[in-house]
Amino acid sequence: MTSLPNSSIISLSMMPRVYPSSASASFTLVLFVFVALVFNNDTNTTCQGVLHPLPRQGSIDHSNNEYPLTSGISIPLVGMGIGNLAHDSIPSVVRNQLAQSSDNGGGRGIRLIDTASASNNEEILSRAIESAGLLRSLKRTLRGNSEDDDDDAPIHIVTKVWYTHLGYERTKLSVMDSLQKLQQQQSTTGSSSSKRLIYVHLLLHWPRCDDTITWMNCEEEENNLPIHVKNIGPPPHLDKNNAYKGSWKALEDLYFEREQLVLQQQSNSNNRFQLHIGSIGVSNFNIDDMKQLISMARVIPHIYQGDSWLVLHDPLLMDLLFEHKIFFQAYSIFER
(Lines give C-alpha, C1' and ligand atoms only; values in the text may rest on other atoms or scores of the structure.)
Protein backbone atom coordinates (compact mmCIF):
# COMPACT_ATOMS: atom_id res chain seq x y z
CA MET A 1 0.00 0.00 0.00
CA THR A 2 1.27 3.47 -0.87
CA SER A 3 1.95 5.52 2.24
CA LEU A 4 0.35 8.95 2.39
CA PRO A 5 2.23 12.01 3.65
CA ASN A 6 1.45 13.52 7.01
CA SER A 7 -0.71 16.26 5.55
CA SER A 8 -2.81 14.02 3.32
CA ILE A 9 -6.53 14.54 3.72
CA ILE A 10 -9.00 11.78 3.17
CA SER A 11 -12.72 11.18 3.40
CA LEU A 12 -14.21 7.78 4.07
CA SER A 13 -17.76 6.83 3.16
CA MET A 14 -19.20 4.24 5.51
CA MET A 15 -22.11 2.20 4.18
CA PRO A 16 -23.85 0.00 4.90
CA ARG A 17 -23.65 0.18 8.67
CA VAL A 18 -25.20 -2.52 10.84
CA TYR A 19 -25.14 -1.93 14.58
CA PRO A 20 -27.04 -4.37 16.84
CA SER A 21 -28.64 -3.11 20.03
CA SER A 22 -26.15 -4.90 22.25
CA ALA A 23 -22.79 -3.20 22.69
CA SER A 24 -21.10 -6.58 23.06
CA ALA A 25 -22.48 -7.98 19.81
CA SER A 26 -20.52 -7.86 16.62
CA PHE A 27 -21.25 -5.37 13.88
CA THR A 28 -20.32 -4.91 10.27
CA LEU A 29 -18.59 -1.95 8.72
CA VAL A 30 -17.82 -1.56 5.07
CA LEU A 31 -15.52 1.37 4.37
CA PHE A 32 -15.02 2.88 0.95
CA VAL A 33 -12.23 5.33 0.37
CA PHE A 34 -13.42 7.65 -2.37
CA VAL A 35 -11.09 10.60 -2.24
CA ALA A 36 -7.56 11.39 -1.14
CA LEU A 37 -6.30 14.92 -1.59
CA VAL A 38 -3.47 17.24 -0.63
CA PHE A 39 0.10 16.08 -0.72
CA ASN A 40 2.56 18.29 1.10
CA ASN A 41 5.39 16.48 2.84
CA ASP A 42 6.81 19.68 4.30
CA THR A 43 3.98 20.34 6.73
CA ASN A 44 2.51 18.81 9.85
CA THR A 45 -1.14 19.40 9.05
CA THR A 46 -3.42 17.40 11.32
CA CYS A 47 -5.21 14.71 9.33
CA GLN A 48 -8.85 15.65 9.00
CA GLY A 49 -11.66 13.87 7.29
CA VAL A 50 -15.22 12.70 7.58
CA LEU A 51 -16.83 9.38 8.34
CA HIS A 52 -20.54 9.38 7.78
CA PRO A 53 -23.28 6.74 7.99
CA LEU A 54 -25.87 6.05 5.33
CA PRO A 55 -27.65 9.42 5.26
CA ARG A 56 -31.21 9.90 6.42
CA GLN A 57 -31.78 13.62 6.26
CA GLY A 58 -30.32 14.03 2.79
CA SER A 59 -28.06 12.56 0.20
CA ILE A 60 -24.45 13.24 -0.72
CA ASP A 61 -23.84 15.77 -3.48
CA HIS A 62 -21.15 13.85 -5.33
CA SER A 63 -20.50 16.72 -7.75
CA ASN A 64 -19.09 18.81 -4.89
CA ASN A 65 -18.53 16.04 -2.31
CA GLU A 66 -20.85 17.70 0.17
CA TYR A 67 -23.37 16.49 2.73
CA PRO A 68 -26.48 18.37 3.95
CA LEU A 69 -26.51 19.14 7.67
CA THR A 70 -29.78 19.46 9.57
CA SER A 71 -29.06 23.20 9.74
CA GLY A 72 -29.76 23.33 6.00
CA ILE A 73 -26.13 23.99 5.05
CA SER A 74 -24.19 21.47 2.99
CA ILE A 75 -20.68 20.84 4.28
CA PRO A 76 -17.70 19.44 2.34
CA LEU A 77 -16.80 15.85 3.13
CA VAL A 78 -13.07 16.56 2.95
CA GLY A 79 -11.30 18.89 5.33
CA MET A 80 -7.90 20.14 6.37
CA GLY A 81 -6.97 20.45 10.04
CA ILE A 82 -4.55 23.28 10.83
CA GLY A 83 -4.79 23.21 14.61
CA ASN A 84 -1.29 21.76 15.00
CA LEU A 85 0.22 23.31 11.90
CA ALA A 86 3.14 25.71 12.41
CA HIS A 87 1.81 29.25 12.12
CA ASP A 88 4.30 30.26 9.45
CA SER A 89 3.15 27.35 7.25
CA ILE A 90 -0.56 28.19 7.36
CA PRO A 91 -0.62 30.96 4.69
CA SER A 92 1.03 28.89 1.95
CA VAL A 93 -0.95 25.71 2.72
CA VAL A 94 -4.29 27.54 2.79
CA ARG A 95 -3.55 29.61 -0.32
CA ASN A 96 -2.54 26.49 -2.23
CA GLN A 97 -5.72 24.61 -1.41
CA LEU A 98 -8.11 27.51 -1.97
CA ALA A 99 -6.38 28.32 -5.27
CA GLN A 100 -7.04 24.77 -6.44
CA SER A 101 -10.66 25.05 -5.34
CA SER A 102 -11.22 28.41 -7.10
CA ASP A 103 -9.46 27.44 -10.31
CA ASN A 104 -11.68 24.39 -10.63
CA GLY A 105 -15.05 25.90 -9.69
CA GLY A 106 -14.90 24.54 -6.16
CA GLY A 107 -14.54 20.97 -7.38
CA ARG A 108 -10.95 20.44 -6.24
CA GLY A 109 -8.86 21.63 -3.39
CA ILE A 110 -9.91 21.98 0.23
CA ARG A 111 -12.80 24.26 1.23
CA LEU A 112 -13.25 22.95 4.78
CA ILE A 113 -10.66 24.09 7.31
CA ASP A 114 -10.65 22.89 10.91
CA THR A 115 -9.11 24.90 13.71
CA ALA A 116 -9.88 25.99 17.27
CA SER A 117 -9.67 29.00 19.54
CA ALA A 118 -6.98 27.23 21.55
CA SER A 119 -4.78 26.95 18.43
CA ASN A 120 -4.47 30.75 18.36
CA ASN A 121 -4.38 30.87 14.56
CA GLU A 122 -7.81 32.17 13.52
CA GLU A 123 -6.44 35.59 12.56
CA ILE A 124 -3.65 33.95 10.54
CA LEU A 125 -6.23 31.81 8.77
CA SER A 126 -8.34 34.88 7.96
CA ARG A 127 -5.41 36.67 6.39
CA ALA A 128 -4.44 33.55 4.43
CA ILE A 129 -7.97 33.35 3.00
CA GLU A 130 -7.80 37.05 2.12
CA SER A 131 -4.47 36.53 0.39
CA ALA A 132 -5.92 33.63 -1.61
CA GLY A 133 -8.82 35.89 -2.63
CA LEU A 134 -6.50 38.64 -3.82
CA LEU A 135 -4.58 36.12 -5.93
CA ARG A 136 -7.87 34.88 -7.36
CA SER A 137 -8.90 38.43 -8.28
CA LEU A 138 -5.54 39.07 -9.95
CA LYS A 139 -5.82 35.89 -12.00
CA ARG A 140 -9.31 36.79 -13.14
CA THR A 141 -8.24 40.29 -14.07
CA LEU A 142 -5.42 38.90 -16.18
CA ARG A 143 -7.85 36.50 -17.84
CA GLY A 144 -10.34 39.30 -18.42
CA ASN A 145 -12.99 37.78 -16.15
CA SER A 146 -15.37 39.96 -14.16
CA GLU A 147 -15.57 39.67 -10.38
CA ASP A 148 -19.34 39.50 -10.86
CA ASP A 149 -18.81 36.11 -12.48
CA ASP A 150 -17.51 34.72 -9.19
CA ASP A 151 -18.77 31.16 -8.97
CA ASP A 152 -16.57 30.02 -6.07
CA ALA A 153 -18.22 27.69 -3.62
CA PRO A 154 -18.31 28.85 0.02
CA ILE A 155 -15.42 28.21 2.39
CA HIS A 156 -16.24 26.35 5.59
CA ILE A 157 -14.35 26.93 8.85
CA VAL A 158 -14.82 24.75 11.91
CA THR A 159 -13.63 26.44 15.10
CA LYS A 160 -14.11 25.47 18.71
CA VAL A 161 -14.60 26.95 22.17
CA TRP A 162 -11.91 25.82 24.62
CA TYR A 163 -12.91 24.32 27.99
CA THR A 164 -11.63 27.38 29.89
CA HIS A 165 -14.47 29.31 28.23
CA LEU A 166 -17.34 27.00 29.13
CA GLY A 167 -20.38 28.62 30.68
CA TYR A 168 -22.88 30.92 28.97
CA GLU A 169 -21.06 34.26 29.11
CA ARG A 170 -17.57 32.90 28.57
CA THR A 171 -18.70 30.94 25.51
CA LYS A 172 -20.36 33.97 23.97
CA LEU A 173 -17.19 35.96 24.56
CA SER A 174 -15.08 33.23 22.95
CA VAL A 175 -17.30 32.98 19.87
CA MET A 176 -17.42 36.72 19.28
CA ASP A 177 -13.64 36.86 19.66
CA SER A 178 -13.28 34.06 17.08
CA LEU A 179 -15.63 35.76 14.63
CA GLN A 180 -13.72 39.02 15.01
CA LYS A 181 -10.40 37.29 14.34
CA LEU A 182 -11.83 35.52 11.32
CA GLN A 183 -12.75 38.92 9.88
CA GLN A 184 -9.22 40.30 10.22
CA GLN A 185 -7.62 41.37 6.96
CA GLN A 186 -4.32 42.89 6.02
CA SER A 187 -5.77 45.73 3.94
CA THR A 188 -8.88 47.85 3.76
CA THR A 189 -8.51 48.79 0.11
CA GLY A 190 -9.55 47.01 -3.02
CA SER A 191 -12.48 45.32 -1.35
CA SER A 192 -14.40 43.15 -3.79
CA SER A 193 -18.06 43.85 -4.43
CA SER A 194 -18.51 40.07 -4.41
CA LYS A 195 -17.38 39.07 -0.92
CA ARG A 196 -16.35 35.46 -0.33
CA LEU A 197 -18.99 33.56 1.62
CA ILE A 198 -17.63 31.72 4.66
CA TYR A 199 -19.69 29.38 6.81
CA VAL A 200 -18.41 29.13 10.37
CA HIS A 201 -19.28 25.96 12.27
CA LEU A 202 -19.07 26.52 16.04
CA LEU A 203 -18.26 23.58 18.31
CA LEU A 204 -17.60 23.05 22.00
CA HIS A 205 -14.11 21.54 22.00
CA TRP A 206 -14.53 19.49 25.20
CA PRO A 207 -17.39 19.06 27.67
CA ARG A 208 -15.08 19.89 30.59
CA CYS A 209 -11.51 20.14 31.78
CA ASP A 210 -10.50 16.76 33.18
CA ASP A 211 -7.54 16.57 35.56
CA THR A 212 -7.21 12.85 34.87
CA ILE A 213 -6.03 13.73 31.36
CA THR A 214 -2.33 14.43 31.77
CA TRP A 215 -2.08 17.46 29.49
CA MET A 216 -5.12 19.22 30.97
CA ASN A 217 -4.20 21.59 33.81
CA CYS A 218 -7.52 22.96 34.99
CA GLU A 219 -6.43 25.16 37.88
CA GLU A 220 -3.32 26.46 36.13
CA GLU A 221 -5.17 27.34 32.91
CA GLU A 222 -7.87 29.13 34.88
CA ASN A 223 -5.29 31.17 36.77
CA ASN A 224 -3.59 32.18 33.52
CA LEU A 225 -6.74 33.58 31.91
CA PRO A 226 -7.05 37.33 31.30
CA ILE A 227 -8.92 39.13 34.06
CA HIS A 228 -11.82 40.11 31.77
CA VAL A 229 -12.50 36.42 31.04
CA LYS A 230 -12.46 35.53 34.74
CA ASN A 231 -14.82 38.40 35.54
CA ILE A 232 -17.43 37.56 32.89
CA GLY A 233 -18.31 34.10 34.20
CA PRO A 234 -17.49 31.55 36.93
CA PRO A 235 -14.64 29.02 36.56
CA PRO A 236 -16.04 26.07 34.58
CA HIS A 237 -13.73 23.53 36.20
CA LEU A 238 -15.60 24.09 39.46
CA ASP A 239 -18.92 23.05 37.86
CA LYS A 240 -17.85 20.32 35.48
CA ASN A 241 -21.25 18.72 35.03
CA ASN A 242 -23.14 21.88 34.14
CA ALA A 243 -20.80 24.45 32.59
CA TYR A 244 -21.09 22.93 29.10
CA LYS A 245 -24.89 23.17 29.34
CA GLY A 246 -24.65 26.93 29.71
CA SER A 247 -22.25 26.95 26.76
CA TRP A 248 -24.73 25.07 24.61
CA LYS A 249 -27.44 27.60 25.44
CA ALA A 250 -25.03 30.32 24.33
CA LEU A 251 -24.37 28.56 21.01
CA GLU A 252 -28.12 28.11 20.51
CA ASP A 253 -28.74 31.82 21.10
CA LEU A 254 -25.94 32.75 18.68
CA TYR A 255 -27.41 30.37 16.13
CA PHE A 256 -30.85 31.96 16.52
CA GLU A 257 -29.22 35.41 16.16
CA ARG A 258 -27.11 34.48 13.12
CA GLU A 259 -28.97 36.72 10.69
CA GLN A 260 -28.48 39.74 12.95
CA LEU A 261 -24.76 38.99 13.11
CA VAL A 262 -24.64 39.02 9.30
CA LEU A 263 -26.34 42.43 9.21
CA GLN A 264 -23.79 43.80 11.67
CA GLN A 265 -20.98 42.64 9.39
CA GLN A 266 -22.60 44.18 6.33
CA SER A 267 -22.52 47.56 8.02
CA ASN A 268 -18.71 47.45 7.79
CA SER A 269 -17.77 48.02 4.15
CA ASN A 270 -14.16 47.00 4.84
CA ASN A 271 -15.08 43.39 5.56
CA ARG A 272 -13.89 41.18 2.71
CA PHE A 273 -15.83 38.14 3.88
CA GLN A 274 -19.45 37.31 4.56
CA LEU A 275 -19.31 35.23 7.73
CA HIS A 276 -22.40 33.12 8.39
CA ILE A 277 -22.91 30.72 11.28
CA GLY A 278 -23.50 27.49 9.39
CA SER A 279 -24.03 25.11 12.28
CA ILE A 280 -23.33 24.39 15.94
CA GLY A 281 -22.02 21.21 17.49
CA VAL A 282 -19.71 19.50 19.93
CA SER A 283 -16.45 17.59 20.02
CA ASN A 284 -15.11 14.83 22.28
CA PHE A 285 -18.36 14.35 24.24
CA ASN A 286 -19.06 10.88 25.63
CA ILE A 287 -22.42 9.19 25.24
CA ASP A 288 -23.72 10.25 28.67
CA ASP A 289 -22.89 13.89 27.98
CA MET A 290 -24.56 13.63 24.59
CA LYS A 291 -27.74 12.19 26.10
CA GLN A 292 -27.83 15.01 28.66
CA LEU A 293 -27.25 17.61 25.98
CA ILE A 294 -29.90 16.24 23.63
CA SER A 295 -32.46 16.07 26.44
CA MET A 296 -32.12 19.80 27.19
CA ALA A 297 -31.33 21.17 23.72
CA ARG A 298 -33.53 23.55 21.80
CA VAL A 299 -31.27 22.85 18.83
CA ILE A 300 -29.92 19.31 18.44
CA PRO A 301 -26.21 19.49 17.55
CA HIS A 302 -25.67 19.55 13.81
CA ILE A 303 -22.11 18.20 14.03
CA TYR A 304 -20.26 15.84 16.32
CA GLN A 305 -16.49 15.83 15.86
CA GLY A 306 -14.57 12.93 17.35
CA ASP A 307 -11.67 10.58 17.02
CA SER A 308 -12.03 8.12 14.14
CA TRP A 309 -11.68 5.18 16.53
CA LEU A 310 -15.20 5.87 17.82
CA VAL A 311 -16.64 4.41 14.63
CA LEU A 312 -15.24 1.00 15.51
CA HIS A 313 -15.21 1.10 19.31
CA ASP A 314 -18.28 3.06 20.42
CA PRO A 315 -21.29 1.73 18.48
CA LEU A 316 -23.77 3.04 21.04
CA LEU A 317 -22.56 6.60 20.56
CA MET A 318 -22.68 6.14 16.80
CA ASP A 319 -26.24 4.85 17.09
CA LEU A 320 -27.22 7.92 19.12
CA LEU A 321 -25.75 10.27 16.53
CA PHE A 322 -27.43 8.35 13.74
CA GLU A 323 -30.80 8.42 15.51
CA HIS A 324 -30.69 12.21 15.92
CA LYS A 325 -29.24 12.89 12.44
CA ILE A 326 -26.06 14.38 13.89
CA PHE A 327 -23.27 14.51 11.33
CA PHE A 328 -20.13 12.70 12.51
CA GLN A 329 -16.90 14.38 11.52
CA ALA A 330 -13.75 12.37 12.22
CA TYR A 331 -10.20 13.35 12.95
CA SER A 332 -6.97 11.33 13.39
CA ILE A 333 -7.86 9.10 10.45
CA PHE A 334 -4.22 8.28 9.64
CA GLU A 335 -2.96 8.01 13.20
CA ARG A 336 -4.36 4.55 13.98
Residue 312 modelled with pLDDT under 95 and under 26 Å from residue 76 (Cα atoms): yes
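Just name the residue that is modelled with the lowest pLDDT out of those in the range 58-84 that are under 15 Å from the mean Cα position of the chain (by Cα) and of a type in the set (A, V, I, L, M). Working first, answer last.
Step one: list which residues in the range 58-84 are under 15 Å from the mean Cα position of the chain (by Cα), which gives 66-69, 71, 73-84.
From what is left, the residues that are of a type in the set (A, V, I, L, M) are 69, 73, 75, 77-78, 80, 82.
Numbers: 69: 96, 73: 95, 75: 95, 77: 91, 78: 84, 80: 90, 82: 94.
Only one residue tops the list, namely 78.
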Kindly establish whether residue 171 is over 26 Å from residue 66 (Cβ atoms), modelled with pLDDT under 90 and assigned to a helix (DSSP H, G or I). no
Name every residue in the range 315-336 that is at pLDDT 90 or above and β-branched (Val, Ile, Thr), in order of residue number. 326
Within the range 212-235, which residues are part of a loop (DSSP other than H, G, I, E, B) and free of Cβ contacts under 8 Å to residues at least 12 places away in the same chain? 212, 213, 214, 215, 217, 224, 226
Pick from the range 296-336, criterion part of a helix (DSSP H, G or I) and within 23 Å of residue 209 (Cβ to Cβ), ranking: nearest to the chain's Cα centre (by Cα): 310
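Here is a yes/no grid of residues against (1) of a type in the set (S, T, N, Q); (2) touching a Leu at 6+ places or on another chain (Cβ under 8 Å); (3) closer than 18 Å to residue 178 by Cα; (4) loosely packed, with under 13 Cβ neighbours inside 10 Å:
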position: 212; (1), (2), (3), (4): yes, no, no, yes
position: 216; (1), (2), (3), (4): no, no, no, no
position: 231; (1), (2), (3), (4): yes, no, no, yes
position: 278; (1), (2), (3), (4): no, yes, yes, no
position: 282; (1), (2), (3), (4): no, yes, yes, no
position: 295; (1), (2), (3), (4): yes, no, no, yes
position: 298; (1), (2), (3), (4): no, no, no, yes
Look through 300, 287 and report the one residue that is under 20 Å from residue 200 (Cα atoms) and aliphatic (A, V, I, L, M). 300
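Working only within the range 236-260, note down all residues that are within 17 Å of residue 176 (Cα to Cα), in a helix (DSSP H, G or I) and out of contact with any helix residue (DSSP H, G or I) (no Cβ under 7 Å at 6 or more places or on another chain). Quick ask: steps written out before the conclusion?
Quick first cut of the range 236-260, residues within 17 Å of residue 176 (Cα to Cα) only: 246-260.
Narrowing further to those that are in a helix (DSSP H, G or I): 246-256, 258-260.
Residues satisfying the conditions are 252, 253, 255, 256, 258, 259, 260.
The values are calculated or read from the model by the stated rules, or taken from the named source; none is laboratory data. Predicted model, so just to flag it, every value in this text is computed and none were measured. Using ideal geometry, Cβ is built from the backbone for each residue, glycine included, and neighbour counts are taken over all protein chains shown.
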